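Everything below concerns the one structure shown next.
The values are calculated or read from the model by the stated rules, or taken from the named source; none is laboratory data. All figures in this text were calculated on a predicted structure; none of them were measured in a lab. Virtual Cβ from ideal backbone geometry, glycine too; neighbours counted across all protein chains shown. We work out accessible area using only protein heavy atoms, side chains counted, and drop any ligands, DNA or RNA first. Shrake-Rupley method; radii C 1.70, N 1.55, O 1.52, S 1.80 Å.
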Amino acid sequence: MLTALDFWHLVEHIIPVYVLVIVAFVLTRFDIIEPVHGPGISKWVSTLGVPMYVFHLLAYNDPYQTSMRLVAADVLSKALALIGGCLWWRFCESGCIEGVIGFFMLATLPNTVLIGDALLEPLYGEGAHTQIVTIIFLQSLVWYNLCICLYELRVVLMEEKQKQLGSKSTLDNDVTHIHHSGFVSVGGSGPIDGGGPAKSEGFENASFDRRQKKRKLQSAPVPAGNQDPTLERTISAPARFSFSRSLSLRFTPAIRVFDLDYDPHYIVRSGPIDVVHPDDKSTPASVSPVVSALDQQNEKTVVTVFEHQTEKSEPELEKGDSEFEADHAGKRNVVSKRSRVSRWALITFKMINRVKKVPLTYASVAGLIYSLIAFKYNWEMPYPIKKSVELISEGALGMAIFVMGMAWARSGRLISCGFKALAYGIVVRFLVGPLVMMMSSFSLRLQGTSLKFAILQAVIPQGVISFVLAKEYGLDVPLFNTAVVFQLVIFIPIVLAWYYILEVF
């Protein structure tokens, strides 16, 4: 139970926060600290101050005194919060990765360093110090780095989205250019290379929907004076047309003719499949030959093959076409799955490369290694290095709070994020977070003081490091600024209410 002296001791830990916030607000409001100074201070905090602060927390807390059951409960609660946010992102139309990051940080990052000892030790005795060390250790080593990974994932997804939008606009421009330059027509005498507008509407009337199950059978008319029966059968043969998802037109003849000699008397165009005689004066001289004309000695063979192809009944054609489409659909599904896997593998690789450039990650790993060695072999850090780390870490926390006051002053409002966002942060921090921790603690069968401590530590107000991360990545800065400042004002009655509820039940 909190006595009057304990209550005053808790208030003593809160007052310095508001002193720094008010001083920063006044200095920024009256332009004593100009806006150009803000980025430099923020950069120092995120690049040097917070990494040394995290290193200090890990280096001077014994990892061998951690409570493994509390670790399991804390990990499970964070996993439940993250899974819930990801499900909302996946299945709700309003879901986004920004909301997942904000929800996860509001629900899982309490200000245990600043408030933990002053609040929880008077309530649960000196034995709570070991559990406080466990929570601080997990926060510094795991959860801050997980939040960085989520932020970097957001950056990579934004880059991928911008690339997709850029490629889509380029594709739209290409399609518009091709459409206006004239596609090859199916049944008419349209242009070959966009030399003029198409004279037939074969392309426009043809259905290129990939779900269509019937094959379009069309023939190209033979110009007057070129009524050759062999060529007439050739260009009247069935043809397959397919319109791929990349908006590319493919033409595949129903049969393949091999070993044909070139005859200069006829030229066959690609596209509208017109047969042109060289004596025809109206034919442009720039037409390029694509398919060789049929030789006299191969006429019989070609005619026989085409007759055999055209004798196929319509059900047989539809059956063959359906089998072709089914096979094509199966291959397309396999390719789509592989492309999704490769896309997320590439995104993960980019995210890891970005995380490797964050100083906080290296500081947390270095602090873990030092603590494992120092507490096992009772090795102490040299005094000059130890004092330097302490000074920088203490200054980092103070400068982070100072940056909060500067951001509050520049917002121009008392509640910079708005009342709805403020209420959302309060509900997630003081209601959703403790309930998730309660579920995970009950599932792991925590009992007694460990159960009460696990739930009550989740009611501690929002941590300062969450604001530093939001400021560094430029996401929900007003929300976390307001959450840290205002939750310190209202959290005492809420914590006492949770404490009495846990004592009764």
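How many percent of the accessible area of the stretch 331-432 is carbon or sulfur, using a 1.4 Å probe?
Here it works out to 69 percent.
I'd like to check one number: the per residue accessible area of the stretch 441-505, probe 1.4 Å, reported in Å² as a whole number.
38
Quick check on my link table: of K163/K420; K78/K350; K163/K471; K356/K471; K163/K356; K78/K471, which ones sit more than 31 Å apart, alpha carbon to alpha carbon?
Pairs exceeding 31 Å: K163/K420.
Going from most exposed to least, what order do L70, L391, L157 have by accessible area with a 1.4 Å probe?
Descending accessible area places them as L391, L157, L70.
Give a quick list of GluC sites (Glu not before Pro) in the stretch 86-149 that DSSP marks as loop, anything other than H, G, I, E or B, with at most 10 other Cβ atoms within 10 Å.
Of the GluC sites (Glu not before Pro), the ones in loops of the stretch 86-149 whose Cβ has at most 10 other Cβ atoms within 10 Å are E93, E126.
Which length gain, in nm to one decimal place, applies between E12 and L87 when the Cα-Cα distance is subtracted from 0.36 nm times their residue separation?
22.9 nm
Where a ≥ b ≥ c are the square roots of the eigenvalues of the C-alpha gyration tensor, would you call the stretch 23-159 rounded, which needs a/c under 1.5, or, failing that, prolate if a/b is larger than b/c, or oblate?
Judged from the Cα gyration tensor, the stretch 23-159 comes out oblate (a/c at least 1.5, b/c at or above a/b).
Just to verify a number: FRET efficiency for A366 and V26, C-beta to C-beta distance, R0 = 56 Å, to 0.05?
In this case the efficiency is close to 0.90.
Which far-off residues, 5 or more places away or on another chain, put their amide H under 5 Å from the one on G95, with H placed in the peptide plane?
When sequence neighbours closer than 5 places are left aside, there are no close amide H contacts.
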